[in-house]
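The values are calculated or read from the model by the stated rules, or taken from the named source; none is laboratory data. Predicted model, so just to flag it, every value in this text is computed and none were measured. Counting neighbours? That spans all protein chains shown, and the Cβs are built from the backbone with ideal geometry, glycine included. In case anyone asks, the SASA skips ligands and DNA or RNA and just uses the protein heavy atoms, side chains included. Shrake-Rupley method; radii C 1.70, N 1.55, O 1.52, S 1.80 Å.
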Amino acid sequence: MSHDIHDLSLADAGKARIRWADRDMPVLASIRERFEREKPLDGVRIGACMHVTTETANLMRVLVAGGAKVTLCASNPLSTQNDTAASLVRDFGVDVYAITGEDMDTYARHIEAVIATDPQIIMDDGADLDTALHTRHADKLSSIIGGTEETTTGVVRLAAMAADGALGYPVFNINDANTKHFFDNHYGTGQSTLDGIVRATNRLLAGRTIVISGYGYCGSGLALRAKGMGMDVIVCEVDPLKALEAHMEGYRVMPAAEAARYADVWVTVTGNCKVVDAPAFENMKDGAIICNSGHFDSEINLVWLEENAVSKVELKPLVEEYTLKDGRTVVVLAQGRLVNLACAEGHPASVMDMSFANQALAAEYLYQHAGELEHKVYDVPAEIDDGVARVKLETLGVTIDTLTEEQIAYMNSWNF
């Protein structure tokens, strides 16, 4: 089997962790059982660029169960779990190109290895695989049925491509499925980001001030969890409605340069670049801890830090202290990359269960409707999104009411 991983001997540990995550992913398990019977992806080549975690592994198992030939590379150099990668190769028939801490040349080479398999369906997390295909392998676009995208960052990039008429195949926006962003982004990011910070620093959160840049689904979930841990929350926003929402939720809202004076911990979750920039660094409280839970490492201007620091010391793995010219120190976690995946284990399996259920069902839909869709970014079909929610409720033992015929008629009439 073709692969490039750290150590195949780690597979036993990886398999145990994959099985453990599977216990909390009942929706995906139910899809896997159906896929094993029906083989809806029989013979389809799927190329995936995603975080190589135990939760992702269970999605790969579903695709393989459906008959697909799957090749997987990492969507972030620091997010790969080496034991998970080993088990996927040895136990579950997936070609994996991913190594924890791989350099950018290796990262690019691994993406090229996926492209070399001539994938028919693309699964991406940040659109790096999509971008490589469109910029370096345009000759392969016509053979691609379609793709799926997991993150806000990736969706923004793909929507821009579609607007420019450059998108070479249809893509489903998994990120904005209700059963994704309401749970994965809000609850998953909120918990896993704090988990990464605590594992990296072992600092008490209660009584400290956290600054959160971005108050979308991720930022609001993080603010809620931080407040619950006893933190004083400050929000920085550029969207007036989101800023007003944060204010109404009881958080202080202010510009980044002002918030820097108070930050004990600062987390960016915007998907943009240079969110923490020179004006913030110049006002920053001594000893502030900065990290990012957005997809790329562009949110913190590390170039400014490198140019203006007199020293940089690694205090412990993925914890780096920069000393500025005036003696103040700034601590950066995970090299500005995803702190929840680099310093912890990413989102809990129970929320990824719904996100990845959407991925699997969207791939099935793409194959069933090959050639019927335009080259644009689509929302996940409502029947898939609602179906995932219903199955999740069933697995939780939760029942809900249903509308009567009279109620349905009332809701669809104007002269009842």
Partner lysines for K140 [C-alpha distance under 22 Å; skip if fewer than 8 residues away on the same chain]: K69, K376
Stretchable slack from D386 to E282, in nm (0.36 nm times residue separation minus alpha-carbon distance): 32.7 nm
Charge tally in the Cβ shell below 14 Å around N292, where Lys, Arg are +1 and Asp, Glu are -1, N292 excluded: -2
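How big is Rg to Rh over the chain, alpha-carbon atoms, Rh as the Kirkwood inverse-mean-distance radius?
On the way: Rg = 21.9 Å, Rh = 22.2 Å.
Rg divided by Rh gives 0.99.
Please give me the summed charge of the neighbours of A11: other residues whose Cβ is under 13 Å from its Cβ, Lys and Arg +1, Asp and Glu -1.
Values: positive: K15, R17, R19, R90; negative: D7, D12, D83, D91.
Net local charge, A11 excluded: 0.
Ranked highest first by average number of other Cβ atoms within 10 Å, how do 307-313, 172-178, 409-415, 274-280 line up? Each step should come with its number before you reach the end.
Working: 307-313: 12.7, 172-178: 23.4, 409-415: 7.7, 274-280: 19.7.
Result, highest mean Cβ count within 10 Å first: 172-178, 274-280, 307-313, 409-415.
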Whole-number accessible area per residue in Å² for segment 356-416, which is evaluated in the context of all protein chains at 1.4 Å: 71
Distance-filtered residues of segment 210-224 - backbone nitrogen under 17 Å, label point 7 angstrom along V238 Cα→Cβ: 212-219
Computed over segment 318-416, Kirkwood Rh from alpha-carbon pairs, angstrom: 18.9
Net charge of neighbours whose Cβ lies under 14 Å from the Cβ of N82, counting Lys and Arg as +1 and Asp and Glu as -1: -3
Percent carbon-and-sulfur accessible area, segment 1-146, ignoring ligands, DNA and RNA, probe 1.4 Å: 48
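Return the FRET efficiency for the residue pair R261, E314: r is the Cβ-Cβ distance, R0 is 41 Å, and the value is rounded to the nearest 0.05.
0.95
Just the number, please: carbon plus sulfur as a percent of the accessible area of segment 266-366, 1.4 Å probe, no ligands or DNA/RNA counted.
Working: 1690 of 3480 Å².
Heavy-atom surface of segment 266-366 belonging to carbon and sulfur, 1.4 Å probe: 49 percent.
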Relative contact order (%) - criterion: Cα under 8 Å, at least six apart; region: the chain: 16
Residues with amide H under 5 Å from that of T209, placed H, sequence gap 5 or more: D232, D264, V265
Nearest-0.05 FRET efficiency for R109 and L373, computed from C-beta distance (R0 45 Å): 0.90
Projected label distance in nm at W20 and V303, using a 7 Å step from Cα toward the beta-carbon: 4.1
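Would you list the membrane-span-like helices of the chain, meaning whole DSSP H runs whose alpha-carbon atoms span at least 24 Å along their axis and whose mean Kyte-Doolittle value is at least -1.0? Display every interim value, and only then the final one.
Working: long enough: 349-368 (28 Å, 0.28).
Span-like helices here: 349-368.
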Per residue accessible area in Å² of segment 1-159, where ligands, DNA and RNA are left out and the probe is 1.4 Å: 35
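Calculate, for K227 and L396, the FRET efficiency according to 1/(1 + (r/R0)^6) with r their C-beta to C-beta distance and R0 25 Å; round to the nearest 0.05.
Details: r = 26 Å, r/R0 = 1.02.
The value I calculate is 0.45.
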Selected from T100, N272, I121, residue furthest toward positive end of dipole (the chain; charges at beta carbon): T100
Å² of accessible area per residue within segment 185-319, as computed with a 1.4 Å probe and no ligands counted: 45
